[in-house]
Every structure is written in C-alpha cells, then in structure tokens.
Amino acid sequence: MQKELKVLDGGMGGELIARGIMPSCGLWSARALLDSPDAVMEVHSDYIKAGAEVITTNSYSTIPSYLAKADMSERYEDLTDIAAKMARAAADAAPSKVEVAGCLPPLSESYRHDLVPADAEGFEVYKNLVSVLKPSVDLYLCETMSCAREAATAAKAARAVDAEKPLWIAWTLDETPGGGLRSGESIEDALAAVAPYNPDAYLFNCTAPEAISAAIEQIVQLTDRPIGAYPNRYHIPHGWTLDNEVGTEYIEMTVAEFMQYVDRWRVMGASVLGGCCGIGPDFIAAIAASR
C-alpha cells in the first residue's frame with residue numbers, strides 16, 4: 001500500500017528566472033527579496049494554488065558567501081528573516097493548512113563538497129539561520145547537501161537551537177545512478193552521519209530523476225522514516241558553480257514524463273514529493289492531482 005502523499009512546492013530561483021525576474025547568477029534568488037518581493041510572494045502563492053502542502057523559504061542564497069558578491073554578507077540574518085516571514089504569510093493566507101520549511105542550504109556552492117566550510121564555521125552560521133527561521137517555520141530542511149559532513153553540521157545546528165520541530169535532510173546525488181552523494185560517499189555513510197540528530201524524513205533533491213530512482217531503491221532498505229524526492233531538470237557536471245563557465249545540460253521533460261518518475265517513486269515507497277530547479281507549478285499540480 002502506498003503511503004499518504006505530502007506535496008512539496010517546486011523551485012523558486014528557476015521559476016523567478018523563467019518569469020524574467022532575475023538572472024541566473026550573482027545573488028541568485030536573494031536578489032528577488034530586495035528587488036521583487038511581490039514576485040516571490042506570487043511564486044509561493046502559485047505553488048499553494050497548485051496543491052503544495054509544504055513551501056520552502058526563499059533563503060537558499062541568503063548566505064554570507066553569496067551576499068558577499070554585493071558586499072552584503074552582514075545582512076544574511078536580516079534577509080533570511082524577510083524570506084521566512086514572506087513564506088509564513090503566504091502559508092497563512094492559504095485556504096487549507098500549508099507548512100513552511102526553513103531552508104538550510106549549502107554555505108558555499110551547491111554540489112561542491114570540496115568547498116564545504118569547516119564544521120565549526122558552518123555550525124555557527126547554521127545556528128544563526130535556525131534562530132532567525134524558528135519563529136516562522138514548521139520544520140527545517142537541510143537541502144542540497146553534497147556530502148555527509150555538510151548534512152551533519154546543518155542537522156546538528158538545527159537540533160541545537162530548536163529540537164522540537166521536525167528535521168528533514170535532502171541530499172544531492174552524483175549524476176551517475178547508484179553513485180551515492182556528489183562527494184562519492186554512499187547512502188549508508190550519509191545516513192550514519194546524521195543518525196545522531198534523529199531526522200524525521202530523508203529526501204533527495206536537485207538531481208536528475210534517474211539518479212534519484214537508484215537512491216530511493218537503496219534508502220528504503222535502510223530506514224523506516226518517510227522518504228521523498230524533488231528533482232531538477234538539469235545534469236550538473238563536476239566543478240560547476242553559479243558564476244563560472246562550466247555549463248549545465250537541460251533535461252527536456254514534460255509533465256507526463258515527470259509523473260512517470262513520481263508514480264514509480266511512490267510505488268517504491270516515497271511519500272514526500274515535489275520539485276527543484278526547473279520544476280514549476282504545473283508539475284506540482286500534477287503531483288497533487290495524482291492522490
């Protein structure tokens with residue numbers, strides 16, 4: 001029997017780019033908090049209208065390393081607070097219950113396990129982020145974690161500041177199905193690293209669907225906690241960063257093709273499903289309609 005489905009939202013940054021709100025470089029989605037806050041609220045609202053039961057704070061890039069590009073690194077807590085309050089307002093305006101997930105993102109570049117800060121440095125920043133998010137969110141989402149150490153540091157900080165709220169871990173995977181995390185570590189290693197913090201759900205995100213299928217097949221044999229996925233529509237090569245010249249490969253995928261993966265993942269045991277970069281409200285609406 002399939003488990004009860006929980007529907008996540010889709011990508012924020014990619015959706016803002018698709019709507020012509022911001023460029024795909026620099027401050028990423030943090031720029032929209034400053035220049036186009038109404039557009040951020042509109043994206044949150046559109047995902048809720050599509051059927052999302054959990055929306056994520058637009059704080060993926062409100063981190064010191066990204067904000068330093070505009071000499072704004074000292075504003076990371078302020079901008080995270082703005083993002084959290086916006087998501088809370090959008091959720092509270094919904095006609096039915098919508099939860100807010102507080103994003104705890106990579107503190108350097110996405111996918112780059114080799115650039116993850118030292119544990120002590122990361123722990124302090126994550127603690128500050130959780131303290132700011134705490135009044136506005138229902139759960140914490142450590143997302144796009146590229147290695148076991150990165151996820152463990154974020155999880156440790158979340159539990160240290162707010163042990164009461166649910167904690168979800170979302171890892172990003174090597175593009176080769178069965179290749180483990182971006183770091184090359186196994187799914188077993190990833191689970192062991194966060195086990196001391198007793199996460200409430202395990203997910204895979206910002207990875208092409210084929211790799212996620214292989215990871216779900218592995219992880220359902222290792223835990224009885226809820227499993228989830230929110231893929232992207234890109235193949236990310238080794239060495240990519242937001243502002244360098246390494247290119248990504250766009251994955252042509254219709255809503256119907258996306259739903260073939262969703263249906264397969266549900267059969268495999270996944271119950272928390274949504275989308276990441278390139279997955280917009282029409283995809284989320286299809287998940288919600290599949291109940």
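No value in this document is a laboratory result; all are computed from the given coordinates. This is a predicted model, so every value here is computed, not measured. Note that we place each Cβ from the backbone using ideal geometry, even for glycine, and neighbour counts take in every protein chain shown.
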**Prompt:** Cα-based Rg (one decimal) and Dmax (whole number) for the range 6-289, in Å?
**Reply:** 16.9, 48
**Size of electric dipole in the chain: Cβ of Lys, Arg +1 and of Asp, Glu -1, about Cα centre, debye, nearest 20** = 600 debye
**Request:** Starting at the first residue of the range 38-45, write each ³J(HN,Hα) from the Karplus equation 6.51 cos²θ - 1.76 cosθ + 1.60 with θ = phi - 60°, in whole Hz, x for Gly and Pro.
**Result:** 5, 5, 4, 4, 5, 5, 3, 5
**Neighbourhood net charge (14 Å Cβ-Cβ; Lys/Arg +1, Asp/Glu -1) for ASP174** = -3
**Request:** Please identify every one of the GluC sites (Glu not before Pro) in the range 231-284 that sits in a loop by DSSP and has no more than 11 other beta carbons within 10 Å of its own beta carbon.
**Result:** GLU245, GLU252
**Complete:** Checked against a 18 Å limit on the C-alpha separation, the offending pairs among LYS6/LYS85; LYS134/LYS156; LYS69/LYS127 are LYS6/LYS85; LYS69/LYS127
**Item:** Derived scalar couplings ³J(HN,Hα) [the range 274-291; Karplus, 6.51 cos²θ - 1.76 cosθ + 1.60; whole Hz; x for Gly, Pro]
**Value:** x, x, 10, 3, x, 9, x, x, 5, 5, 5, 4, 5, 4, 4, 6, 8, 3
**Item:** Between the range 168-200 and the range 28-107, the alpha-carbon center distance in angstrom
**Value:** 25 Å
